[in-house]
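Where a number appears in this text, it was derived from the coordinates with a stated rule and is not lab data. The structure presented is a predicted model; accordingly, all values stated were derived computationally and were not measured. Cβ placement follows ideal geometry from the backbone for every residue including glycine, while neighbour counts extend to all protein chains displayed.
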Amino acid sequence: MNVIASAPEGLEKYLANEIFELGGFNINTYKRSVSFECDYATFYRIHFFSRVAFRFYREVSRFHCHDRLSLYQGVRDSFDWLKWLPSQKTFNVQVTGRTSLLSHSHFTALEVKNSITDLQKSAWNKRSNISLDNPDYIIHLHLNNDQAVLSLQSSFASLHKRGYRPAIGNAPLKENLASGLLKITEWNGNKPLIDLMCGSGTFLIEAINQVLKVPLKSQKFYLFENWLDFKKDIFLDEKKKAIDRVICFDKLSKIIGCEINENVFDQARVNISLAGLENYIELQNNDFTKIQFESAKGLVLCNPPYGKKLGDENQLINLYENMGEFLKKKFSGWEFWLLSGNPRLTRYLKMKASLKIPVSNGGVDCRWIKYLIR
Ligand SMILES: C[S@@+](CC[C@H](N)C(=O)[O-])C[C@H]1O[C@@H](n2cnc3c(N)ncnc32)[C@H](O)[C@@H]1O
């Protein structure tokens, strides 16, 4: 199969690496996406083990397309819809990108829909219904440089929704972004990890699940189960291997999260217990300057308020100053990783960065910054 995976901006190469480790090949990275080839088993496996991808799209055709007619004909002729999409199955169409003459994604999607349903009507005098909430197929069209790529989306829900986080605190990180950021730190579980402002606990949960390769919870149903060439036996085999994987928590080092807000702290507790990790994460409901820890040197991380979504910027200057002083006093010799969404505030740490990686957090241009605390 030819597959495209979508990724948080800045983490494409980490997703590419993950796909390689899971069995993908001929891997190429682009802005916010990774293309690769794989066999059926790998395709199903990545839905259980990819921690960085949002979604997967299986490419079914590509054709030259610059205007309405070339789109209509290209969609109709480039894929065997009559075999793959019986009229009782529902679908919807998603569009990304544009050409100079196809610049309205809503109009473009309608044209794709018309092309497919006209074909069905001419063959059977019946056509598929459109469903936005519960489709059997999601057909994805990407336009770029007068080239159209048609794909089938493999799951309705994004894979970043892990199912352990009904309670989402203030300005939570997407789970796959947190996971990708942790990959960058190369934390491997054998030294302590402390999140100074853990919010709903995303970093803490993703850190453990990633290092121990805990599979993602299987979705009730994947769209690929509707595809003509769905290999149920291979899928069930991969699912069983994921479920039966023995997880060994023994060698995990100390993992601590601190959160000042009592409600958010309670939410973190709920999330961590839903993820089944309450025995491996210590939570403290406190200001980070009061954090209690006694351990070997390790890694401290933090996703503080930026002054955009939470808290006014000027009120946060103190918070950043305190954090810098506190880290230098208590965590000398540790590594510190900060998700900075506001360079003006970050300066108040008065610390020298050793690495800065650009990433996007929900559209906010951020830097994932590494400091070696002296
Ligand atoms: C941007 S949120 C962190 C979100 C978190 N990464 C998640 O995924 O849910 C920042 C968190 O820092 C907490 N916070 C603010 N000041 C703090 C302090 N002095 N000590 C500890 N936590 C604090 C806030 O209550 C908020 O939950």
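Under 23 Å Cα-Cα from LYS328, which lysines qualify once same-chain neighbours fewer than 8 residues away are excluded?
LYS191, LYS254, LYS290, LYS297, LYS350, LYS352, LYS356, LYS370
Using 0.36 nm times the number of residues separating ASN314 and THR96, minus their current alpha carbon distance, what extension gain do you get? Before the final figure, lay out the partial values.
Numbers: separation 218, 0.36 × 218 = 78.48 nm, distance 3.86 nm.
My answer for the length gained is 74.6 nm.
Sticking with the crude label model, points 7 Å out along Cα→Cβ, report the distance from ASN114 to LEU372 in nm, one decimal please.
Between ASN114 and LEU372, the label points sit 6.3 nm apart.
Give me HIS106, HIS160 sorted ascending by neighbouring Cβ count inside 10 Å, so fewest comes first.
On the way: HIS106 9, HIS160 20.
Final ranking by Cβ density, sparse to dense: HIS106, HIS160.
Apply the Kirkwood formula to the chain: the hydrodynamic radius equals the inverse of the mean of 1/r over all pairs of different alpha-carbon atoms; give it in Å with one decimal.
Computed over Cα pairs of the chain, the Kirkwood hydrodynamic radius comes out at 22.5 Å.
How much net charge surrounds ASN322 when only the other residues with a Cβ under 13 Å from the Cβ of ASN322 are counted, with Lys and Arg +1 and Asp and Glu -1?
Residues close to ASN322 contribute a combined charge of +2.
Count the DSSP beta bridges whose two residues both fall in segment 2-153, then state the antiparallel fraction as a percent rounded to the nearest 5.
Among the beta bridges of segment 2-153, antiparallel pairing accounts for roughly 75 percent.
Give me the angle, in degrees from 0 to 90, between the Cα long axis of helix 175-185 and the longest principal axis of the Cα atoms of the chain, rounded to the nearest 10.
60
Binning every alpha carbon pair distance of segment 281-374 at 10 Å from zero, what are the percents per bin?
15, 49, 32, 3
Full extension from ILE234 to GLU278: what is 0.36 nm times the residue separation minus their Cα-Cα distance, to one decimal in nm?
Roughly 12.5 nm would be gained on extension.
Which FRET efficiency, nearest 0.05, do ALA296 and LEU132 yield, Cβ-Cβ r, R0 35 Å?
0.10
Counting pairs of alpha carbon atoms under 8 Å apart in space and at least six apart in sequence, what relative contact order in percent does the chain give? Write out the running numbers ahead of the final one.
Details: 722 pairs, mean separation 56.8, N = 374.
Once normalised by length, the contact order is 15 percent.
Near LYS231, which lysines are there with a Cα under 19 Å away, not counting those fewer than 8 places off in the same chain?
Hits, sequence-local ones excluded: LYS83, LYS89, LYS220, LYS239, LYS240, LYS241.
At 7 Å along the Cα-to-beta-carbon direction for both GLN88 and LYS121, put a label point, then send me their distance in nm to one decimal.
2.2
Can you tell me the equivalent ellipsoid semi-axes for segment 2-153? Use √(5λ) from the Cα gyration tensor, largest first, whole Å.
For segment 2-153, the ellipsoid semi-axes come out as 28, 18, 13 Å.
Under the Kirkwood approximation applied to all pairs of distinct alpha-carbon atoms, what is the hydrodynamic radius of segment 218-300 in Å? Intermediate values should be presented prior to the final figure.
Details: mean 1/r = 0.0608 Å⁻¹.
Every distinct Cα pair counted, the radius reaches 16.5 Å.
Go through segment 12-113 and name the trypsin sites (Lys or Arg not before Pro) that are in a DSSP coil and have 12 or fewer other Cβ atoms within 10 Å of their Cβ.
For trypsin sites (Lys or Arg not before Pro) across segment 12-113 that sit outside H, G, I, E and B with at most 12 neighbouring Cβ atoms in 10 Å, the list reads LYS31.
Given an 8 Å cut-off on Cα distances and at least 6 residues of separation, report the relative contact order of segment 284-374 as a percent. Let's see the in-between values first.
Numbers: 129 pairs, mean separation 26.8, N = 91.
Reported relative contact order: 29 percent.
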